[in-house]
1. Out of the residues in the stretch 56-70 that are part of a loop (DSSP other than H, G, I, E, B) and open to solvent by 50 Å² or more (accessible area, probe 1.4 Å), which is nearest to V152 (Cα to Cα)?
2. Can you name the residue in the stretch 71-103 that is among the polar types (S, T, N, Q) and surrounded by 14 or more Cβ atoms within 10 Å (Cβ to Cβ) and, of all such residues, is nearest to S49 (Cα to Cα)?
3. Quick one: which residue in V376, V370 is surrounded by 21 or more Cβ atoms within 10 Å (Cβ to Cβ), of a type in the set (V, I, T) and in a strand (DSSP E or B)?
4. I'm trying to understand the selection: among the residues of the stretch 306-336, which are out of contact with any Ser or Thr (no Cβ under 6 Å at 6 or more places or on another chain), open to solvent by less than 40 Å² (accessible area, probe 1.4 Å) and part of a loop (DSSP other than H, G, I, E, B)?
5. Is one or more of the residues making up the stretch 337-360 open to solvent by less than 20 Å² (accessible area, probe 1.4 Å) and in a helix (DSSP H, G or I)?
6. Filter the stretch 278-289 down to residues that are part of a loop (DSSP other than H, G, I, E, B) and either surrounded by fewer than 20 Cβ atoms within 10 Å (Cβ to Cβ) or in contact with a Ser or Thr (Cβ under 7 Å, 6 or more places away or on another chain) (or both), then give me how many there are.
7. Return the total of residues in the stretch 119-129 being closer than 18 Å to L101 by Cα and open to solvent by 30 Å² or more (accessible area, probe 1.4 Å).
8. Within the stretch 189-214, work out how many residues are hydrophobic (A, V, I, L, M, F, W, C), over 20 Å from W264 (Cα atoms), open to solvent by less than 60 Å² (accessible area, probe 1.4 Å) and in a loop (DSSP other than H, G, I, E, B).
Amino acid sequence: MAPSRRRTVVALTALLTVAAGLPGTPAPAAPPPAAVPARAAAPGPERWSVDLAVAGGDDVNVAWRSGRLRLADPRPNARTRPAAVGGPVAEGILLSAPRTLGRPATRVRAQFAARTGDGGTAVAQVRGWRGRGWTEWRDATEAVFDAPVSRVQACVVLTTRDAASEATVTGLTLAADRVATTAVQPAAALEYRVYATRIGLVGGITANGHTVRTRDHFAALPTRRGLSPRNTGDYTVKVCTTNGSRCEYAPVWDVGPWNTRDDWWNPASIRENWKDLPRGLPEAQAAYQNGYNGGRDQFGRTVRNPAGLDLADGTFWDGLRLTDNAWVDVTLLWTGGGARAVVGSGPLNLRAGASTSYASRGLAATYAHVPVQCYVTGQRIAGTYRTTTRWYRLVGGNYVSHAYLSSIYGGTVPRC
């Protein structure tokens, strides 16, 4: 039924109710109705406009000119596309400051004023903060979270194929409210075996604007849904060799390999693209091994390896001590619950016990968020943040000194 008809029916119903009590209208006598307590109307959505002015910092290859947000350089090259993808498009990201909500919300919707043409794209995404960390980035057309969030952050992603492409934005307004959702209790973080390749590309620019350094420590996934803002580890992966001898905790700072819209760990109901693939199977792996999508990636390129994860050189060589591309076990830590410690000074050795005399079993990169299980008393360490005898046992059994951890969130940490 059309909205105008619905309004007409409601109006007519109210009119008939009034008419039934007019003089001369027969009606049976009835006792006066019992008093009903007044019911407060549900609060309306909290609305705000996102500031599209480019202030630097976390913004990547975008500019505000003539009342429009656009790419500063719309030509695809090593400085304007995610290093791990090397795709045929230029990209830029505007990252807004997080907004603290007046009341918790479970849904965010956007009004987005954009102009695109000749292969250009403009997308708005949002994420929400709940006690155990940030949700993944979601399309802002309508993002529904599995638990109430107290803060919301937005980003705008622009892409162009060449200088003739159009991708501009003039306005972004968000509205946050509360709708019924099914709360999902955090369980163990998702873990899969995937093929990892080495990024290399020293001097290139990652999707979050980081300039790749020699023996750098970070990872790339083929989607922006788990992309950490620069100099954060909001989305951290634990990557281990298949025999478990070496591991590294690394922040996700780039998008790739091959695709930019393949959150392969999510179920079909959430996954951005390739919804017919099994959960945990990257599109590039399916294309390479089974000829899926004609053996091509989202850009039409022939897929030449099954990679679903890229590793910076320091993670590849020093953290895992790999000598060639290899299958690895990757844990997507933000998909689980529990307390997290933030590595403020790294790469930090993962020790087999609470002392530097124990063997190193890998590394935790600076900014990585590592899952903390409990704490013990061990060797006194004078570190970047404090001098302490406290060591934390991580989920999985390795230990790190509290001396190098900048903060802990997501729960209390008991004594082991």
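The values are calculated or read from the model by the stated rules, or taken from the named source; none is laboratory data. Just so it is clear, the structure is predicted and the values come from calculations on it, not from any experiment. Positions of Cβ are generated from backbone atoms using ideal geometry, with glycine treated the same way; all protein chains shown enter the neighbour counts. Surface accessibility is based on the protein's heavy atoms, side chains included, excluding ligands, DNA and RNA. Shrake-Rupley method; radii C 1.70, N 1.55, O 1.52, S 1.80 Å.
1. Here is the first cut: in the stretch 56-70, the residues part of a loop (DSSP other than H, G, I, E, B) are 56-59, 61, 66-67.
From the residues that got through so far, the ones that are open to solvent by 50 Å² or more (accessible area, probe 1.4 Å) too are 57-58, 66.
Numbers: G57: 18, D58: 16, S66: 28 Å.
The extreme case among them is D58.
2. Here the answer is S96.
3. One residue alone meets the criteria, V370.
4. Once the filter is applied, which keeps residues that are out of contact with any Ser or Thr (no Cβ under 6 Å at 6 or more places or on another chain), open to solvent by less than 40 Å² (accessible area, probe 1.4 Å) and part of a loop (DSSP other than H, G, I, E, B), the stretch 306-336 yields P306, A312, L322, G336.
5. Checked the stretch 337-360: no residue is open to solvent by less than 20 Å² (accessible area, probe 1.4 Å) and in a helix (DSSP H, G or I).
6. 3
7. Looking only at that region, the number is 1.
8. Restricting attention to the stretch 189-214, the residues satisfying the condition of being hydrophobic (A, V, I, L, M, F, W, C) are 189-190, 194, 196, 199, 201-202, 205, 207, 212.
Cutting the leftovers down to over 20 Å from W264 (Cα atoms) gives us 201-202, 205, 212.
Still in the running and open to solvent by less than 60 Å² (accessible area, probe 1.4 Å): 205, 212.
Narrowing the set further to residues that are in a loop (DSSP other than H, G, I, E, B) leaves 212.
The total comes to 1.
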